[in-house]
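The values are calculated or read from the model by the stated rules, or taken from the named source; none is laboratory data. Nothing here was measured: the structure is a model prediction, and the numbers come from that model. Note that we place each Cβ from the backbone using ideal geometry, even for glycine, and neighbour counts take in every protein chain shown. We work out accessible area using only protein heavy atoms, side chains counted, and drop any ligands, DNA or RNA first. Shrake-Rupley method; radii C 1.70, N 1.55, O 1.52, S 1.80 Å.
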Amino acid sequence: MRKRKLLSFGVLLIVFLSTILAACGSNSKEGGSGDTGKSGNEKEKTLIFGRGGDSVSLDPIAVTDGESYKVTKNIFETLIEFGEQDTTLHPGLATKWEPSKDGLTYTLDLQEGVKFHDGTDFNAEAVVKNFERWMNGNADKFPYFISMFGGFKGDKDAVIKEVKADGDYKVVFTLNKPQAPFLKNLAMSSFGIASPTAFEKDGDKFGDNPVGTGPFKFVSWKRNDSITIEKNKEYWKDGEPKLDKVVFRSIPDNSARLNALNTGEIDLADGINPSDSASIKSNNQLQIFERPSMNVGYLGLTVTRPPFDNVKVRQAVNYAIDKKAIIDAFFEGQAEVAKNPMPSSIEGYNDDVKEYTYDPKKAKELLKEAGYDGKQIELWAMPVPRPYMPDGQKVAEAIQKNLADVGMKAKIVTYEWATYLDKASKGEADAFLLGWTGDNGDPDNFLYTLLDESNIGSNNYTYFKNSETHKILLEAQKETDQEKRNELYKNAQDIIAEQAPWVPLAHSTPLLAGKADLEGFKPHPTGSDLLSQVDFK
């Protein structure tokens, strides 16, 4: 009898312990597709963000592509921040700023008590070291620095003369010449402040292991597959970020990316085909997001390569392409026909500029006048969807047909995204599809950055060079009277239209889609989306 009681007690004890162990071992996940490693009330929230291509580097100063900034925006912070969905200026790592009356000095007060992800203190010395790193670089290493600040230390066109610390939490910028968009330039994703400890240690490899002050910390990078970042638990802004982890997954095909969203493999998808918007809106499990438009998609004509070294050939191609038909076919009403290198939402837009209408007859006449020999050109098509062009391959095919109709044969070629950008920047393409999402809402960021001779080899992929526009754009940078600046930019657009280094195609309204329970996501017009407020209901 005693043995039976002991046996019963033992069985009950085993059952009891098993129940406890089972309870301790159970995990649940909330609002995301990622793995979970927390129990009880601490549920890990992972956002899986599907995008069209991989990043080039995670060192923001070393890149110019949106897929890189999409990630670095959440790892690094800038001295000045843009508004949630516009390019108004707000405090970032700097609490306030004060320009001198002559526009040659800017004094910035900095946040106190902020640390980089590796424990290094953020202070004035860290800011100085970042700018010293950039100012002592070159166009190959830091292409965007020269685009926005004219040159490196000692260059005759350099905007920044020196950057000095005034105590621990004040930094003073001294300029060689006034620059109207200086503060907006500081707010751009390219100029995220990095840990000096990390970039001094890793050198050129810093882009593989980035360290900033932002809401998320870098975890891992599987090339052409995924990048994982995790919550910065010591982040200086209370209550942020809401998510524990974000995984950026590369899914090049638009349809495959939408399918991954439908099947629950991802939570948020960039680069949605406009033709899919109706089905998404009718699905109560999904929601659609519209990114505020601030972009241009274009066909670049490399002016140093025949036949596009002849302005009449470039003008002919502008007449040859049916832009409205391309927009109707591939943008589903989510774009407007472009005639300038920047959208009408940017100050200084020239609505009176000469527009190239679709006119194949005029195109043929110009090609004849130019003595075009009929030699086949290469037409480069982007391998990834971009906000300004949902499907580069299909757009290239439409352009190929338009060109054939006027007697210009074109062979479509493409490369992996990083290679495509690198080769195009070196002037190796005849004609190429590309585009631009504005970084700061200023006309300088379109016209000077993309079409000035100072940026040949960086963001001026067509190698367009014109002494008159160069003079105008440099003058516009120094002009602080906005009305006078606007007139200068309008004049520059007239010359650019006549010289025709581009065929401006479209200004799009990019679409994204996400799960219905996703909240707090606000797409930014720059394409660099901050995810610190994103959560699941």
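Things worth noting here:
- Selection from region 103-119 of residues that are of a type outside the set (D, E, K, R) and surrounded by fewer than 17 Cβ atoms within 10 Å (Cβ to Cβ): Gly103, Leu104, Thr105, Thr107, Gly113, Gly119
- Checking the stated criteria, Val246 turns out to be part of a strand (DSSP E or B), open to solvent by less than 10 Å² (accessible area, probe 1.4 Å), in contact with a Leu (Cβ under 7 Å, 6 or more places away or on another chain) and at pLDDT 95 or above.
- Residues of region 121-140 classified as open to solvent by 40 Å² or more (accessible area, probe 1.4 Å) and modelled with pLDDT of 95 or more, total: 6
- Out of Glu475, Glu483, Glu519, one residue alone is under 28 Å from Glu77 (Cβ atoms) and open to solvent by 50 Å² or more (accessible area, probe 1.4 Å). It is Glu519.
- Candidates are the residues of region 164-222 that are polar (S, T, N, Q) and surrounded by 19 or more Cβ atoms within 10 Å (Cβ to Cβ); the one that is farthest from Ser532 (Cα to Cα) is Gln179.
- Looking across region 376-411, the residues that are outside any helix (DSSP H, G or I), out of contact with any Pro (no Cβ under 8 Å at 6 or more places or on another chain), under 18 Å from Thr462 (Cα atoms) and of a type outside the set (Phe, Trp, Tyr) come down to Glu378, Leu379, Ala381, Met382, Ala410.
- Here Asp168 passes the criteria (1) without any contact (Cβ under 8 Å) to a residue 60 or more places away in the chain; (2) in contact with a helix residue (DSSP H, G or I) (Cβ under 8 Å, 6 or more places away or on another chain); (3) more than 30 Å from Lys231 (Cα to Cα); (4) not hydrophobic (A, V, I, L, M, F, W, C) except the one numbered (3).
- Residue within region 284-295 that is farther than 28 Å from Leu488 by Cβ, touching a Leu at 6+ places or on another chain (Cβ under 7 Å), open to solvent by 40 Å² or more (accessible area, probe 1.4 Å) and of a type in the set (A, V, I, L, M, F, W, C) present: yes
- Hits in region 396-420 (condition: in contact with a Gly (Cβ under 8 Å, 6 or more places away or on another chain) and open to solvent by less than 60 Å² (accessible area, probe 1.4 Å)): Gly407, Met408, Trp417
- Restricting region 330-358 to residues that are open to solvent by less than 20 Å² (accessible area, probe 1.4 Å) and of a type in the set (A, V, I, L, M), the residue that is nearest to the chain's Cα centre (by Cα): Met342
- Pair list, Cβ < 6 Å and 6+ apart or interchain, from region 461-488 residues that are in a helix (DSSP H, G or I) to residues that are open to solvent by less than 100 Å² (accessible area, probe 1.4 Å) and of a type in the set (S, T, N, Q): Ile472/Asn491; Gln477/Gln179
- Some residue of region 319-329 being modelled with pLDDT of 95 or more, assigned to a loop (DSSP other than H, G, I, E, B), open to solvent by 20 Å² or more (accessible area, probe 1.4 Å) and farther than 20 Å from Lys522 by Cα: yes
Quick grid of which residues meet (1) of a type in the set (S, T, N, Q); (2) under 23 Å from Gly66 (Cβ atoms); (3) at pLDDT 95 or above:
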position: Lys426; (1), (2), (3): no, yes, yes
position: Leu451; (1), (2), (3): no, yes, yes
position: Ser458; (1), (2), (3): yes, yes, no
position: Tyr463; (1), (2), (3): no, yes, yes
position: Asp481; (1), (2), (3): no, no, no
position: Ala492; (1), (2), (3): no, no, yes
position: Ala497; (1), (2), (3): no, no, yes
position: Leu505; (1), (2), (3): no, yes, yes
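- Those residues of region 251-287 which are within 12 Å of Leu512 (Cβ to Cβ) and of a type in the set (S, T, N, Q), in sequence order: Asn254, Asn273, Ser277, Gln287
- Positions within region 443-457 being open to solvent by 10 Å² or more (accessible area, probe 1.4 Å) and within 17 Å of the chain's Cα centre (by Cα), in sequence order: none
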